[in-house]
1. Treating only the Cβ of Lys, Arg, Asp and Glu as charged (+1, +1, -1, -1), what charge dipole size does the stretch 7-129 show about its Cα centre? Round to the nearest 20 debye.
2. How much of the DSSP bridge set in the stretch 139-192 is antiparallel, in percent, rounded to the nearest 5?
3. Calculate the radius of gyration of the Cα atoms of the stretch 139-192 to one decimal place, then report Dmax, the largest Cα-Cα distance, as a whole number, both in Å.
4. As a footprinting exposure proxy, order ASP180, ASP138, ASP42 by other Cβ within 10 Å, with the fewest listed first.
5. Most exposed first by the Cβ proxy, i.e. fewest other Cβ within 10 Å, how do THR163, THR131 rank?
6. So who's got an amide H within less than 5 Å of the one on ASP93, skipping anything under 5 residues away but keeping other chains? H placed 1.01 Å off N, in plane.
7. For a quick size check, give me the Cα extents of the stretch 13-73 along its three principal axes, largest first, whole Å.
8. Divide the volume of the convex hull of the Cα atoms of the stretch 111-205 by its number of residues and quote the answer in cubic angstrom per residue.
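Values quoted throughout were computed directly from the atomic coordinates according to the rules given, and no laboratory measurement underlies them. Every value quoted in this text rests on a predicted model; they were computed, and no experiment measured them. Glycine also receives a Cβ, built like all others from the backbone with ideal geometry; neighbour counts cover every protein chain displayed.
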Amino acid sequence: MYTGVTPSKLPDKIPAAVDSSPHACFALTESLEICYCNSAWDQFAQENYAEPGALAASVLHKPFLQFVPEDLRLVYSDIFQRARTLGRMQSLDYECSSAEVFRVYRMQVYPLKPGCGFVVVNSLVIVQPHTRAVCEPDNACYRDNNGLIHMCANCRRTCRVSTPATWDWVPAYVAHPRRDVTHGVCPFCREYYYGAYLAPKKLTG
Ligand SMILES: [Zn+2]
């Protein structure tokens, strides 16, 4: 049971279409609080996040941006701002790969009537085996002085501590949820996925 929708706040036809959609959809209030998840959401959450904290029951009534890595919060809030200001759908592709499979999803943000928030549709656009060179876990190479691994929030490549411009695909780090990870955005994703939103980052070291 996916509660949280206030019918008077969402146009009647939207919940029916969204509820039966095979794509993972959610709705946000104007202040970007999650107020609804459709029935496809939990399957998407289980496949992509492997954490119970991503299930509808856990995310409802929480601020959406709380679930967005810090480096990307400006990107996402800008997309909602654009959707509202322009009054039309805005779209952003993002990677959500597992250790085994390369996946790209398209997030489409539909503004509802002013004051009524947004509906967000996540649809799978690419799924294929990885073609990246595989690197093995290596503490000396990937762990910083605090023992943390620096992973791209989008592509999940891992940054080499000694050469921050180099990000490797280390599927062993991606295979299971971990607590010893901190997230950033790698130079490739910064330009390819978020170039319209993020300035290139100066690298040090
Ligand atoms: Zn990346």
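1. Dipole magnitude for the stretch 7-129 comes out near 540 debye.
2. Approximately 50 percent, going by the DSSP bridge assignments.
3. When restricted to the Cα atoms of the stretch 139-192, Rg and Dmax are 10.3, 30 Å.
4. So the residues, fewest neighbours to most, are ASP180, ASP138, ASP42.
5. In order of increasing Cβ crowding within 10 Å: THR131, THR163.
6. So ASP93 has HN proximity to MET107.
7. Principal extents (Cα only, largest first): 34, 28, 19 Å.
8. 162 Å³
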